[in-house]
Amino acid sequence: ALVSFTGFAMSYNFGALFGGTPVRVRLYSSFGISATEILRLIVALGGTFWVGALALAGAVFWWAPPAIPPALHLPFHDLRPVGAVLLLVAGAYVCLPLVWRRPLRWGHHEISLPGTPLLLLQLALSAADLVIAASCLFVVLPDSVALSFPQFLAVYLLAVVAILVTHVPGGVGVLELVILTFSATAAKQDVLAALLAFRVILNEATR
């Protein structure tokens, strides 16, 4: 729990690459955990997050896609095909242990794939975590934001993916840009106030 909360707080403020991962390696090492076991833990953490994020994003992109504002300059105009691809990737990952039973090898390290039931549990936990985080922001947004919760969830997941791709510490500016762009019907100061409250909620939750 100590490593989890500390690693999350560092990832949120400094990014996973330069914040969360080094802290986790340092703390796990101090507990006497071997390098191989640390690698397995970090892969399990990353796999848990991504299988849930891909499956949840694929589902909401397919069933409740918001209209993409031209201001974002994305290379696609409809999220449904993107959702279908993400669902296929998540499904393939969950089904991988059924067709590939050998451990994955990287140099001198060996990682055994978890079974499909455990992968489904990882998917459910990660998806629930993302839904709860998105709910915290949705409830503090002004009523003038013309998005249903499923549509807002799609927007939030789009912002999360953008944060992970850009590696901006804490997603400062990235989250705000995406949410503000999709909230064109609301007053910007009200949306910014909600985003500030959301960041306070997240920081308090990691204490």
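The values are calculated or read from the model by the stated rules, or taken from the named source; none is laboratory data. Computed from a predicted model, the values in this text were never measured in an experiment. As a convention, Cβ positions derive from the backbone with ideal geometry for all residues, glycine included, and neighbour counts pool all protein chains shown. Accessible surface areas use protein heavy atoms only, side chains included; no ligands, DNA or RNA. Shrake-Rupley method; radii C 1.70, N 1.55, O 1.52, S 1.80 Å.
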Original post:
Being open to solvent by less than 60 Å² (accessible area, probe 1.4 Å), modelled with pLDDT of 85 or more and among the hydroxyl-bearing types (Ser, Thr, Tyr), is that true of even one residue in region 34-44?
Top reply: yes
Subject >> In region 122-163, the residues that are of a type outside the set (A, V, I, L, M, F, W, C), in contact (Cβ under 8 Å) with a residue 24 or more places away in the chain and surrounded by fewer than 16 Cβ atoms within 10 Å (Cβ to Cβ) >> reply: 129, 142, 144, 148, 150
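Determine whether region 21-30 contains at least one residue that is touching a residue at least 24 places away in the same chain (Cβ under 8 Å) and either among the acidic types (Asp, Glu) or over 19 Å from residue 112 (Cα atoms) (or both).
First, pick out the residues of region 21-30 that are touching a residue at least 24 places away in the same chain (Cβ under 8 Å): 27-28.
Now narrow it down to the ones that are either among the acidic types (Asp, Glu) or over 19 Å from residue 112 (Cα atoms) (or both): 27-28.
Scanning region 21-30, I find at least one residue that is touching a residue at least 24 places away in the same chain (Cβ under 8 Å) and either among the acidic types (Asp, Glu) or over 19 Å from residue 112 (Cα atoms) (or both), so the answer is yes.
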Original post:
Checking residue 53 against (1) within 26 Å of residue 27 (Cβ to Cβ); (2) open to solvent by less than 80 Å² (accessible area, probe 1.4 Å); (3) out of contact with any Ser or Thr (no Cβ under 9 Å at 6 or more places or on another chain), which test does it fail?
Top reply: (3)
Original post:
Just one of 154, 128, 134, 124 is assigned to a helix (DSSP H, G or I) and under 15 Å from residue 90 (Cα atoms); which is it?
Top reply: 124
Original post:
From the residues in region 63-73 that are under 21 Å from residue 164 (Cα atoms) and not in a loop (DSSP other than H, G, I, E, B), which one is most open to solvent (accessible area, probe 1.4 Å)?
Top reply: 71
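Every residue, every condition in (1) outside any loop (DSSP other than H, G, I, E, B); (2) touching a residue at least 24 places away in the same chain (Cβ under 8 Å); (3) not acidic (Asp, Glu), yes or no:
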position: 75; (1), (2), (3): no, no, yes
position: 81; (1), (2), (3): yes, no, yes
position: 85; (1), (2), (3): yes, yes, yes
position: 93; (1), (2), (3): yes, yes, yes
position: 97; (1), (2), (3): yes, no, yes
Subject >> Some residue of region 76-83 being under 21 Å from residue 174 (Cβ atoms), modelled with pLDDT under 85 and surrounded by 13 or more Cβ atoms within 10 Å (Cβ to Cβ) >> reply: yes
